[in-house]
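Enquirer: Submitted below is the structure of interest, expressed as structure tokens.
The values are calculated or read from the model by the stated rules, or taken from the named source; none is laboratory data. Only a predicted model underlies this, so the values are computations on that prediction, with no experimental measurement involved. Backbone-built Cβ (ideal geometry, glycine too); neighbour counts: all protein chains shown. To get the accessible areas, we keep the full protein, side chains included, count just its heavy atoms, and leave off ligands, DNA and RNA. Shrake-Rupley method; radii C 1.70, N 1.55, O 1.52, S 1.80 Å.
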Amino acid sequence: MIEIATEVELFHPPARIWQALTERALLAKWFAESTPQDDRWMLATAALPGYDADTEVEVVELRAPRRLVVRCREAARATRMACDLTPTAHGARLSVREVLEEGDWDADARAEQHERALTGRLPAILDWLAFQEVDLRRAEGGLTAELPIVPLLVPRRDRSRKRALLAAGAVTVLAAATGAALWATRDTAPAPAGPPPSAPPLVMPATTTASPRSTTARPTPSPSRRSASPSPSPSRSPSRTPSPPPSPAAVPLTATYQTVTDRVFGYRGEVVLRNPGPAPRPEWTVTVTIGDGATVGPVDGAEAAQDGSVLTFTGTALPANGSTTIRFDVRDPDPLHNAPESCAADGTPCATR
């Protein structure tokens, strides 16, 4: 029997850790996507190191918020996993033990995946949940007990010396503040009087043919004894020039969006833009709306600009029946966001896949 055991100390109450272990949206952020199937559910573990396929999970024992035992079936491999939460003075201790019951596995890769999930991604999710629960209304009694304050224990014989240091620091701060105030309110020498203002320069207004004041000099014809009026020349009928045929109407662009990577605080998106028309499109615009507080990271395949929560992508000409791919990273403070709120190509909504 092969057993993989991982234990981690978490500075969070057991109820919050239990929430991250059992809620689908949170579980997907630090471990894998899950899909319910009758009395079981599937974990999308095929792409994770140490796993060969998706995992079918069946709950064997459930005692909230202390113990969760599941049986996992992954292709020809069967394991039994137990998660135990033990309260501590500053939070809880999470112990995860997985035992191989059938088949074979790469124990090192499996242990590395457990370590990465429990010591990296899970604490990040728990910190975000704690931040959502913090009461920032200081006027009503300060912060809640969600973020404990650990008092600094100072020996009695050193307290007088620390008070002296604090007093000296306060005097230094007051002296600096007083100096800054004197500097800000000191009398400044009057600036030397400059030369008397000269008359404003004469600016010649630009003349245009449309101005009523502008005149055009024309030569005056010299008087002649005989003036012959020109004979009228027969006017020719204008020839008809054939008008060019109307250009075909531009075919709307199509776009497809897909989230290619889902991280704890953000994701990597991909937009495939296609021009199904017979003529090239010299200009195009793709707009994507992301969550509040989110920012765009590296972008491939287009020029990007962000205005609030709206991302605008532009790029080079798109040939007829051609396509281009835009990939972009989004940093989002909400770990539950794994895709943009909307996507459109020249106003046409993107399809999803």
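Enquirer: Could you compute the net charge surrounding R327? Neighbours are other residues with a C-beta less than 9 Å from the C-beta of R327; K and R count +1, D and E count -1.
Expert: -2
Enquirer: Okay, moving on. Using a 1.4 angstrom probe with every protein chain in place, what is the largest-first accessible-area order of S34, S309?
Expert: Highest to lowest solvent-accessible surface, that is S309, S34.
Enquirer: Follow-up question, since we're still on this one. Within segment 102-127, what residues put their amide N at less than 19 Å from the label point 7 Å along the Cα-to-Cβ vector of T259?
Expert: Residues 117, 121-127 fall inside that zone.
Enquirer: Kindly sort F131, F31, F265 by accessible area of their heavy atoms, largest first, with the probe set to 1.4 Å.
Expert: Putting F131, F31, F265 in descending order of accessible area: F131, F265, F31.
Enquirer: Okay, moving on. May I ask for the net charge around V57, where only other residues with Cβ less than 9 Å from the Cβ of V57 are counted and Lys, Arg are +1 while Asp, Glu are -1?
Expert: Counting the neighbours of V57, the net charge comes to +1.
Enquirer: Starting from the residue with the highest accessible area, list E341, E9, E56 in decreasing order, probe 1.4 Å.
Expert: Sorted by accessible area, descending: E341, E9, E56.
Enquirer: Would you mind computing, in nm to one decimal, how far apart the modelled labels at S95 and T119 are, each placed 7 Å from Cα along Cα→Cβ?
Expert: Each label point lies 7 Å from its Cα, and together they span 1.9 nm.
Enquirer: What does the charge count around R93 come to, taking other residues whose C-beta lies under 9 Å from its C-beta (Lys +1, Arg +1, Asp -1, Glu -1)?
Expert: It works out to a net charge of -3.
Enquirer: Hey, another quick one. Given Cα pairs under 8 Å that are at least 6 residues apart, what percent is the relative contact order of segment 1-147?
Expert: Once divided by the residue count of segment 1-147, the mean separation gives 26 percent.
Enquirer: Right, here's the next one. Please work out the Cα center distance from segment 1-19 to segment 271-333, rounded to the nearest Å.
Expert: Their Cα centres are 41 Å away from one another.
Enquirer: Determine how large the accessible area of D300 is when every protein chain is in place; take a 1.4 Å probe and give Å² rounded to the nearest 10.
Expert: Probe radius 1.4 Å; accessible area of D300 about 80 Å².
Enquirer: While we're looking at this one, here's another question. So how far apart, in nm, are the two label points at D108 and A15 if each is 7 Å from Cα heading toward Cβ?
Expert: With each label point 7 Å from Cα toward Cβ, the separation is 4.4 nm.
Enquirer: Same structure again: Just check segment 64-116 against the gyration tensor rule for me: Cα atoms, a ≥ b ≥ c as the square roots of the eigenvalues, rounded for a/c under 1.5, and otherwise prolate or oblate depending on whether a/b exceeds b/c.
Expert: Since a/c reaches 1.5 but b/c is at least a/b, the shape of segment 64-116 is classed as oblate.
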